[in-house]
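Here's the structure we're looking at; comments come further down.
The values are calculated or read from the model by the stated rules, or taken from the named source; none is laboratory data. All of these numbers come straight from a predicted model, not from anything done at the bench. Backbone-built Cβ (ideal geometry, glycine too); neighbour counts: all protein chains shown. The protein model used for the area step is the full one, side chains on, heavy atoms only, and it has no ligands, DNA or RNA in it. Shrake-Rupley method; radii C 1.70, N 1.55, O 1.52, S 1.80 Å.
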Amino acid sequence: MSAKRCSTKGITRRLACIIICLLLCLTGCRSSRTVTGSDDNYRTTYEIFVSSFCDSNGDGTGDLNGIRSKLDYIADLGFDAIWLTPVHPSATYHKYDVDDYYAIDPSFGTMEDYEALLKDCHDRGIRVYMDLVLNHTSDENAWFRAASDYLHELPSGWEPDTSYCRYYDYYNFSREALDGYNHLDGTEWYYEAGFWSEMPDLNLNSEAVRTEIRDIMAFWLGKGVDGFRLDAVTAYYKNDTYANTEFLRFLKETANSIDPDCCFVGEAWTDRDNIAALYTSGIDSLFDFPFAGEGGLIANTLNGGCRASDFVEEMVRSEEIYSSANREYVGAPFYTNHDMDRSADYYPEDNGPAAKMAYAMNLFMTGNAFVYYGEELGMSGAGRDENRRAPMYWSDNPTDPDMCACPPGMDEVLMKFPSLADQIKDKQSIYNWFKEVIRVRNTYPVIAQGVTKKADLICDDKVATFIRSNGTDDDLLIVMNLSGQTVRKNLSITGKGFSLAEKLSTNNEKITYRKKTLTMPAYSIAVFTHK
């Protein structure tokens, strides 16, 4: 942290944050939540790592026109929003170190290509969320270069003057080697760079920086962007949830003063109480990390680490605590992303059913559900980041023009399941399972927009059973067999007034419902509607 940020105010902020979290914990379980967020924010979103998705010009790099060529594929799966990882100029393949916030990286195309992509998406009813990286820039960003040049020219011992170089105030500089700071070669100065020496942290307390951020958001909203995915929101102010919350409030209020329909989803890689505290900012959505990844609640349930009933109880609890923090919140459940191992690698002995069920659990959560590209094929990729961002597996033909080159430094990744070209023809494939699950999610808006209540009488170690309601649509009773064995459930009490509407099986075995007895094969889902 910079000296500028370290003060008694930081201690006060942290105490306030603790109090907020305690109040949320005390009040969350008494919350009688109703859904009040904008209906238009309840979407099913496809995350695209741009350079690995689809190559339109044969140079090996995924690009904007490649994405345009696959919009019908995305829409046919049932997605109605996409999140693009950063598209700004950057020397790295991942682009999370921005050189210029107002431009498109030439390897991805032109500004005209981006505008055409927005139009094509909107013509299909697909929203576009832009990745907005505000914690840091590239050290090649013109702002940092100007500040660096100024400090190189500044005589030893002199104090910087922003009237000579306003960009000095854009970053956190110190003559001391503080924690998280790197030496600026050729000077007596150090600069904060919490992630990497080539990613200098922005001074988010600077009014000039906040004005720049407003202008950046206005520029892209003017192009037609529907919202922003916010990178690393817990890193804006290190170990200071109160300050991070204040900054999120600034972003939300500023963006909505430009475009009232702009929505945000923030990356808060932290626990539920801290996520809830950040929701007090009024931010629309924050990724629900406790459910995600190999150690999260979804995988832990399927691997036997916790009971099916625990999964339901945690859904209920999360809805209560987040709603207590922000009545307008829209959940952002996800299972994997570009920073996590691919989910197919979580279940070494699985030949498909567990991988299928895991994403159904994600897609049956409330809010705006996110799916990482290639998960609909069960793509593999673990270990180093490059492995997790392998080329989209359109086919196993190396001459397929849509296929991208591997990210630099990627290890050989052997895919566990077939390519799209093969899966699309197989009714039992992961791809066709995804289509069916998303079809059910889209058919019943209450799945995304409802409130969860545990169906206590039939929820147990193996079977997750809950009612989803929103006061407008018909209630749903959702029964998930999360085990590898056939189960039978008597629904004579809980199932009163419900009729079987949807049957989702991960294999060829059928779900049956006779005389109030529900028989479910391994890893299957039954959806009942209320008469």
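Is it the case that some residue within the stretch 217-226 is touching a Cys at 6+ places or on another chain (Cβ under 9 Å) and part of a helix (DSSP H, G or I)?
The answer is yes, given that some residue of the stretch 217-226 is touching a Cys at 6+ places or on another chain (Cβ under 9 Å) and part of a helix (DSSP H, G or I).
In the stretch 389-432, what residues are of a type in the set (S, T, N, Q), over 13 Å from Glu376 (Cα atoms) and either surrounded by 20 or more Cβ atoms within 10 Å (Cβ to Cβ) or at pLDDT 95 or above (or both)?
Ser395
Applying the selection to the stretch 147-172, what residues are farther than 11 Å from Leu184 by Cβ, free of Cβ contacts under 8 Å to residues at least 60 places away in the same chain and of a type in the set (S, T, N, Q)?
Ser156, Thr162, Ser163
Inside the stretch 233-263, can you point out the residues that are part of a loop (DSSP other than H, G, I, E, B) and closer than 15 Å to Asn203 by Cα?
Scanning the stretch 233-263 gives Tyr236, Tyr237, Lys238, Asp240.
Let me spell it out: the conditions are (1) more than 28 Å from Ile104 (Cβ to Cβ); (2) assigned to a helix (DSSP H, G or I); (3) open to solvent by 30 Å² or more (accessible area, probe 1.4 Å); (4) of a type outside the set (A, V, I, L, M), and Pro155 meets all of them except one. Which number is the exception?
Tallying (1) more than 28 Å from Ile104 (Cβ to Cβ); (2) assigned to a helix (DSSP H, G or I); (3) open to solvent by 30 Å² or more (accessible area, probe 1.4 Å); (4) of a type outside the set (A, V, I, L, M), Pro155 fails exactly one: (2).
Among residues belonging to the stretch 264-286 that are over 21 Å from Ala81 (Cβ atoms) and outside any helix (DSSP H, G or I), point out the one that is least open to solvent (accessible area, probe 1.4 Å).
Here the residue is Ser281.
Identify the residue in the stretch 19-61 that is among the aliphatic types (A, V, I, L, M) and open to solvent by 20 Å² or more (accessible area, probe 1.4 Å) and, among all such residues, is modelled with the highest pLDDT.
Here the residue is Val35.
Looking at (1) in a loop (DSSP other than H, G, I, E, B); (2) of a type outside the set (Val, Ile, Thr); (3) open to solvent by less than 20 Å² (accessible area, probe 1.4 Å); (4) over 16 Å from Asn141 (Cβ atoms), which one does Leu118 not meet, given that it meets all the others?
For Leu118, the exception is condition (1).
For the stretch 340-376, which positions are touching a residue at least 60 places away in the same chain (Cβ under 8 Å), under 15 Å from the mean Cα position of the chain (by Cα) and under 17 Å from Gly295 (Cα atoms)?
Tyr359, Asn362
Is there a residue in the stretch 232-243 that is buried (at least 23 other Cβ atoms within 10 Å of the Cβ), under 20 Å from the mean Cα position of the chain (by Cα) and over 30 Å from Ile104 (Cβ atoms)?
Yes, the stretch 232-243 has at least one match.
Yes/no matrix, rows are residues, columns are (1) over 18 Å from Phe287 (Cβ atoms); (2) assigned to a loop (DSSP other than H, G, I, E, B):
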{"residue": "Tyr329", "(1), (2)": "no, yes"}
{"residue": "Thr336", "(1), (2)": "no, yes"}
{"residue": "Asp341", "(1), (2)": "no, yes"}
{"residue": "Asp350", "(1), (2)": "yes, yes"}
{"residue": "Ala358", "(1), (2)": "no, no"}
{"residue": "Met361", "(1), (2)": "no, no"}
{"residue": "Glu386", "(1), (2)": "yes, no"}
